[in-house]
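Notes to accompany the following structure.
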Amino acid sequence: MDTIFAQATAVGRAGVSVVRISGPLAFDVARQLVGDLPAVRHAGLRRVISPDGGFIDEAVVVCFAGPQSFTGEDVVELQLHGSIAIIRKVLSELGLFEGVRLAEAGEFTRRALENGKLDLTQVEGLADLIDAETEAQRKQALRVLSGDLGAQVDGWRRSLIRAAALLEATIDFADEDVPVDVSGEVMELLSGVEKDLKREIAGTLAGERIRSGFEVAIVGAPNVGKSTLLNRIAGREAAITSNIAGTTRDVIEVRLDLNGLPVTLLDTAGIRESDDEIEGIGVKLALKRAEQADLRVFLVEVGESPVQNPGERDIVVVAKSDLSDAAYPAISGETGAGVSQLLDVIERNLGEIASQVSVATHERHAQAMRSAEGAIEATFDLLKSDPDRYDLAAEELRSGIRKLEALVGRVDVENLLDEIFASFCLGK
């Protein structure tokens, strides 16, 4: 396998930049640049010298011997001054060594997967951690990266393997000294796994929302103050406001960090019947986005009803309290009165959704678990219909086991890997 290298920190000027080298030639190449290497897992200050004797920089050098490294291979990290010229020169010198090349996107992490340092769910957790912008996203990504989902999958897999083994023992050794009726234990094992799968599948939606962000739509009639409220919450002029009804035609989005929860606030077109073709398109888009949102804030005039029937977690507030001095649930986007209370209610309602989160956070996880659940249900049907079909039941369980193994990247995932690792930077 080639030895690879790349800048592991962000491109551009910085106080310190890190160049990472991984592979069988990592230590040899590093010695040719810095001389004697510090002891493994110890840092040492070294002068970086090009093969022609030119002084490049001083660097803190750290060595990790495989398999006790991120990639499972020998790894050297050069902590250099963050000059664009220095990094360019070091990378250029590394590219001159035979058997050494620039890493592809995500290749360090891919080698960690291939060398058993991470499973596929942990790889996804690492990508989510790098992309995390809020506290809730950080905590969720760390749970996945720590291997919680992989540990769950291992437990389910062991139970399904045990159930399949019992069925196969009944088939292959019916005349030997083994239990003839194993259906009771098999049913118990399958019921436990199925219950866990249902719980995790149900919590995947919350995990997806924390990862990608909740959507909150502000909905109401034209000129009720939706854009003014959006601007007040955003703290800037994100949307055009006007006394002319129907000013907002498209959906305007503002991203927020609401006490750790990632939220995208949607300002939608005013809901009304209109002969204006463009406004009509905006109203249709507003209704569609509002329906898809996780939560809706309905703004109404005093004495008016919401333009749609609110859902269980939706919020109804009275607009323009600056004209009436009414208390919350009356609010004013103009003065900010009641807005903090509204945000508290939004946070509480979204927090209820977030509290249902499981350790599965991607739709891919849910699909694999649904497939495994389907295999278990098919096994139940076979066991209940005819004991002579135990061989078919065992095959269904093997199918379920393969789906779970694909979830953590053990089988049948080659077509996924290029897509997943393409989202990583070169140094990761």
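List of remarks:
- The chain: DSSP helices with Cα axial extent of at least 18 Å and average Kyte-Doolittle hydropathy no lower than -0.5: 148-172, 183-212, 277-292, 339-354, 363-385, 390-407
- Considering only Ser17, Ser69, Ser324, the mean-square fluctuation computed in a Gaussian network model of the chain, springs between alpha carbons under 10 angstrom, is largest for Ser324.
- Lysine pair count for the chain with Cα-Cα distance under 28 Å and sequence separation of 8 or more or different chains is 19.
- Mean shadow area of the chain, taken as a quarter of the surface of its Cα convex hull (nm²): 30.0
- Separation of the Ser212 and His42 label points, Cα + 7 Å toward Cβ, nm: 5.0
- Here the calculated FRET efficiency for Ser385 and Val345, from their Cβ-Cβ distance with R0 = 56 Å, stands at 0.65, rounded to the nearest 0.05.
- Among His81, His42, His362, the ranking by other beta carbons within 10 Å of each residue's beta carbon, starting with the fewest, stands as His42, His81, His362.
- Couplings 3J(HN,Hα) of the stretch 65-74, computed from phi: 8, x, x, 8, 8, 4, 8, x, 10, 5 Hz, in residue order, whole Hz [Karplus 6.51 cos²θ - 1.76 cosθ + 1.60, θ = phi - 60°; x for Gly and Pro].
- Shown for the stretch 3-114 is the translational diffusion coefficient from the Stokes-Einstein equation, using the Kirkwood radius over Cα pairs, a temperature of 4 °C and a viscosity of 1.567 mPa s: 94 µm²/s.
- Computed FRET value (nearest 0.05) for Arg162 with Ser355, which takes r as the C-beta separation and R₀ as 25 Å: 0.15
- Hypothetical label at Lys288: residues of the stretch 201-223 whose amide nitrogen lies under 19 Å (7 Å Cα-Cβ projection): 215-220
- Given their separation in residues at 0.36 nm each and the Cα-Cα distance between them, Asp131 and Arg313 gain 62.7 nm when the chain is fully extended.
- Amide hydrogen neighbours beyond the local backbone of Phe70, cut-off 5 Å, H modeled: none
- Estimated distance in nm for a label pair at Leu91 and Arg410, the labels positioned 7 Å out from Cα along Cα-to-Cβ: 3.8
- Gain in span if fully extended, Gln68 to Arg255, counting 0.36 nm per residue against the direct Cα distance: 63.3 nm
- In range of the label at Met187: residues from the stretch 347-381 whose backbone nitrogen is under 13 Å from the point 7 Å along Cα→Cβ: 380-381
- Top of Gly125, Gly333, Gly303 by mean-square fluctuation, Gaussian network on the chain, Cα under 10 Å: Gly303
- Contour excess over end-to-end distance, with Cα ends at His81 and Asn115 and 0.36 nm allotted per residue: 9.1 nm
Quick note: the coordinates plus some simple rules give every number you see, no bench work behind them. Everything numeric here is computed off the predicted structure, so don't read it as measured data. As a convention, Cβ positions derive from the backbone with ideal geometry for all residues, glycine included, and neighbour counts pool all protein chains shown.
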